[in-house]
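K.L.:
Structure incoming, see below.
The values are calculated or read from the model by the stated rules, or taken from the named source; none is laboratory data. From a predicted model like this one, the values you see are computed outputs, not experimental measurements. Cβ placement follows ideal geometry from the backbone for every residue including glycine, while neighbour counts extend to all protein chains displayed. With ligands, DNA and RNA removed, areas are computed over all heavy atoms of the protein, side chains included. Shrake-Rupley method; radii C 1.70, N 1.55, O 1.52, S 1.80 Å.
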Amino acid sequence: MGKSGIAVTKVEIVAEIANAHQGNPDTALALALASLAAGADAVKFQVYFAPELLVRAHPRYEHFRNQSFAPEAWERLIGAIKAKNATVYCDVFGLTAFAAAERLGADGFKVHSSDLANKPLLQALAAAGKRVFLSAGGSTVREIAYALDLLGTAGPRPVLLHGYQSYPTLVEDSALTRLPWLASIFGARCDIGYMDHVAGDDPFAVTLPLLAMSMGARMIEKHVTLDRAAKGVDWYSSLEPAELKAFVATVRRAESAFGGRPDRFTKAERAYRATVKKHWVAARALPAGHVLQPADLESKRVPDAKGEPVEIEKLAGRALIQPLAEEETVTRTHVRNTVWACVVARMRSSRLPGKALLDMAGMPALGHLFARLKQFRRVDRIVFCTTTLPEDDALAQLAGRHDVPVHRGPVEDVLGRMLGALEGHKVDVVLRVTGDDILVDPDYADAAIEHHLRTNAEYSDLKALPSGTEVEVFDADLLRAIHRLSQDADGTEYLTTYVIEN
């Protein structure tokens, strides 16, 4: 799940064999193989032994005793699936069942909602270190929390599954809003999935899982049967192999509609944006030196736009530095912009402490950087941003000897330091230069600034250049917005990574 909204990358489809085998291991194997051929990501068997599932006086004791397989049957069955490098999960209804499934190499284990308080079983699963699925149907929040606490955090991230069997479960009893509700409570600790038990011949047997995906379900469990018309065990909510194949195809197509991340444009959407977004154009021919007014600009679509749209506030009120033809697209290269270079450095470094003051050809490394920055034609002011720590006094003194103003601010919040330096000044564009970049190239940097303004970009970088020669170009407004909206300003210590990831 992304940081905003729901992002589905790949939903795991698990074919639930359950008791559709009618107590016949050969039928169970046929079902499993047919499900994998239909495209299921995994098959799941219910491993149980009547004496640890229910009391002998239970009216269904004999039913389950007759349906259960002997250990050697499970060995042949699970072994045959594992031999095909397929994923096998097992419902385990007690320690004996768990021991059998674990010995045979099950890839993960599901705990029925009836066992969420089964402490010995949950502790054994936690110790196994494999994937665990918790059935949440008919279970309270406290019961779920108790089971998750017993599982701990050492193993793979568990999956909490909503759903239950009512032979079949009615559409109106499916309660899909439980999915985001469970995610809001337990999403930090586990993934969320959905066990569908709607009638297999109901169109909603496909619709509900798709809706569940939109609510954050990362796993869908589906009952399967070879022939629903035979009305065997669990036939109500089961799909036949051909139906399962169609279901898998539908889920995969639905996944493509979700996209990868909600904060990214697809290639098609980027093309759409480039085609339909309006740009500011000159309402008439205008001479150099003219101070742009809103009436001088019109918003229109232009063919083959080479950059992004720009806010009118970044154009109006500024003098033109070159003439404009009628309906010529106006970019920020046409008007005056104030550009500052913010040098960021401090003495503390995990790799090479004090590197900024190391002697390089008779001059401290940071001194070389200041000297090179003064060759930049497009930079109006250089400011050195360091911390308030006493150990950084020497760096501030060095900057002073090079006639570079100094601003000192938070230790971890690099962005806070930079914005502190800008406070009270009208700055449009900021070059962020780290103390490591002592070989910054004036020509490349000036070209980057030109490109940044011509394309109306908010962030540009020269990361393709050799390390130590590059700079980054930011709109000052972008830096202010990041600092205002970020949930963790300390994360801006590595500002490039922070911008790319957010």
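K.L.:
Give, in nm to one decimal, the length gained when the segment between residue 255 and residue 283 is fully stretched (0.36 nm per residue of separation minus the Cα-Cα distance).
P.N.:
5.5 nm
K.L.:
Label-point separation (nm) for residue 204 and residue 10, each offset 7 Å from Cα along Cα-to-Cβ?
P.N.:
Placing both labels 7 Å beyond Cα along the Cβ direction yields 3.1 nm.
K.L.:
Which order do you get for 498, 164 if you rank them by accessible area with a 1.4 Å probe, largest at the top? Mind dumping the intermediate values first?
P.N.:
Numbers: 498 35, 164 85 Å².
So, going from the largest accessible area down, we get 164, 498.
K.L.:
Next question, about the same structure. So, in Å, what gap is there between the alpha-carbon centers of the range 45-69 and the range 222-263?
P.N.:
So the two Cα centres are separated by 28 Å.
K.L.:
Using amide H atoms built in the peptide plane, which far-off residues or other-chain residues are under 5 Å from residue 110 H to H?
P.N.:
Counting only residues 5 or more places away or on other chains, the set is 90, 91, 92, 133.
K.L.:
Counting heavy atoms of the protein chains only and a 1.4 Å probe, report the per residue accessible area for the range 286-434 as a whole number of Å². Numbers along the way, then the final one.
P.N.:
On the way: 7220 Å² over 149 residues.
Here the residues of the range 286-434 average 48 Å² of exposed surface.
K.L.:
Distance between Cα centroids, the range 84-99 to the range 380-431: provide it in whole Å.
P.N.:
Centre-to-centre distance over Cα atoms comes out at 61 Å.
K.L.:
OK, next. Pop out the carbon and sulfur fraction of the accessible area of the range 304-366 as a percent, whole number, probe 1.4 Å.
P.N.:
Values: 1740 of 3280 Å².
Carbon plus sulfur share of accessible area: 53 percent.
K.L.:
For 482, 185, 321, 13, give me the order by solvent-accessible area with a 1.4 Å probe, most accessible first, ignoring ligands, DNA and RNA.
P.N.:
Values: 482 25, 185 70, 321 100, 13 0 Å².
The ranking, largest first, comes out as 321, 185, 482, 13.
K.L.:
Residue by residue through the range 264-271, which ³J(HN,Hα) values in whole Hz follow from phi under the Karplus form 6.51 cos²θ - 1.76 cosθ + 1.60 (θ = phi - 60°), with glycine and proline marked x?
P.N.:
Computed from phi, the couplings for the range 264-271 are 10, 7, 6, 4, 5, 5, 5, 5 Hz.
K.L.:
For the range 220-273, what relative contact order do you get, as a whole percent, if you take Cα pairs closer than 8 Å and at least 6 residues apart? Walk me through the numbers before you get to the answer.
P.N.:
Working: 26 pairs, mean separation 13.3, N = 54.
Rounded, it is 25 percent for the range 220-273.
K.L.:
I would also like to ask the following. Estimate the FRET efficiency between residue 128 and residue 246 by the formula 1/(1 + (r/R0)^6), using the beta-carbon distance for r and 45 Å for R0, to the nearest 0.05.
P.N.:
Numbers: r = 35 Å, r/R0 = 0.79.
According to the calculation, E is roughly 0.80.
K.L.:
Label points 7 Å out from Cα along the Cβ direction at residue 439 and residue 313: separation in nm?
P.N.:
My value for the distance between the label points is 4.1 nm.
K.L.:
Given only helices, namely DSSP H runs of n ≥ 4 each adding -39500 (n - 2.57), what is the per-residue ellipticity at 222 nm of the chain, to the nearest 500 deg cm²/dmol? Mind dumping the intermediate values first?
P.N.:
Working: 17 runs with 171 residues, N = 502.
Only helices count here, giving -10000 deg cm²/dmol.
K.L.:
Expressed as a whole number of Å, what is the distance separating the alpha-carbon centroids of the range 125-161 and the range 331-376?
P.N.:
One Cα centre to the other: 52 Å.
K.L.:
What list of ³J(HN,Hα) couplings, whole Hz, do you get for the range 122-127 from phi and the Karplus terms 6.51, -1.76, 1.60, once you set θ to phi - 60° and write x for glycine and proline?
P.N.:
These are the phi-based 3J(HN,Hα) values: 5, 5, 5, 5, 4, 5 Hz.
K.L.:
In nm, to one decimal, how far is the modelled label at residue 403 from the one at residue 454, with both set 7 Å along Cα→Cβ?
P.N.:
Here the modelled spin labels are 3.2 nm apart.
K.L.:
Search the structure for amide H atoms under 5 Å from the amide H of residue 471, placed 1.01 Å from N in the peptide plane, and list their residues when 5 or more places away or on another chain.
P.N.:
Answer set, sorted by chain and number: 462.
K.L.:
So, one more: In terms of solvent-accessible area of protein heavy atoms at a 1.4 angstrom probe, what is the ranking of 214, 237, highest value first?
P.N.:
On the way: 214 50, 237 0 Å².
Correct descending sequence by accessible area is 214, 237.
K.L.:
Can I ask one more? List, in order, the whole-Hz ³J(HN,Hα) value for each residue of the range 435-445 obtained from phi through the Karplus relation with A = 6.51, B = -1.76, C = 1.60 and θ = phi - 60°; use x for Gly and Pro.
P.N.:
x, 6, 8, 7, 10, 3, 9, x, 5, 5, 5
K.L.:
Then there's this: Test of understanding: what is the full-extension gain from residue 184 to residue 483, defined as 0.36 nm times their sequence separation minus their Cα-Cα distance?
P.N.:
On the way: separation 299, 0.36 × 299 = 107.64 nm, distance 2.66 nm.
The residue 184-residue 483 span can extend by a further 105.0 nm.
K.L.:
So, with +1 on the Cβ of K and R and -1 on the Cβ of D and E, and no other charges, what is the size of the charge dipole of the range 58-206 about its Cα centre, to the nearest 20 debye? Mind showing how you got there, number by number?
P.N.:
Numbers: 14 positive and 15 negative charges, 111 e Å.
In total the dipole reaches around 540 debye.
K.L.:
Something else: When the chain is fully extended, how far beyond the present Cα-Cα distance does residue 299 get from residue 380, taking 0.36 nm per residue of separation?
P.N.:
Working: separation 81, 0.36 × 81 = 29.16 nm, distance 3.06 nm.
This chain segment gains 26.1 nm when fully extended.
K.L.:
Right, next: State to the nearest 20 debye the size of the charge dipole of the chain about its Cα centre, where the only charges are +1 on K and R beta carbons and -1 on D and E beta carbons. Each step should come with its number before you reach the end.
P.N.:
On the way: 58 positive and 63 negative charges, 43 e Å.
In debye, rounded to 20, the chain gives about 200.
K.L.:
Can you tell me the relative contact order of the chain? Whole percent, Cα pairs under 8 Å, sequence separation 6 or more. Don't skip to the end; give the middle numbers.
P.N.:
Details: 917 pairs, mean separation 54.1, N = 502.
That works out to 11 percent.
K.L.:
Can you give the FRET efficiency for residue 76 and residue 233, using 1/(1 + (r/R0)^6), R0 = 22 Å, r = Cβ-Cβ distance, to the nearest 0.05?
P.N.:
Details: r = 21 Å, r/R0 = 0.94.
For residue 76 and residue 233, the calculated efficiency is 0.60.
K.L.:
Once amide H atoms are placed 1.01 Å from N in the peptide plane, what residues at a sequence separation of 5 or more from residue 87, or on another chain, have their amide H within under 5 Å of its amide H?
P.N.:
Result for residue 87 returns 43.
K.L.:
When ligands, DNA and RNA are left out and all protein chains stay put, how many square angstrom of accessible area per residue does the range 65-117 have with a 1.4 Å probe?
P.N.:
Using a 1.4 Å probe on heavy atoms only, each residue of the range 65-117 averages 42 Å².
K.L.:
Give 84/231; 44/245; 10/222; 44/222; 277/314; 267/463 a once-over and call out the pairs whose C-alpha atoms are over 19 Å from each other. Mind showing how you got there, number by number?
P.N.:
On the way: 84/231 30 Å; 44/245 17 Å; 10/222 16 Å; 44/222 10 Å; 277/314 17 Å; 267/463 23 Å.
Flagged as over cut-off: 84/231; 267/463.
K.L.:
Using the reciprocal of the averaged 1/r over all distinct C-alpha pairs, how large is the Kirkwood radius of the chain in Å?
P.N.:
Mean inverse Cα-Cα distance, inverted, gives 27.8 Å.
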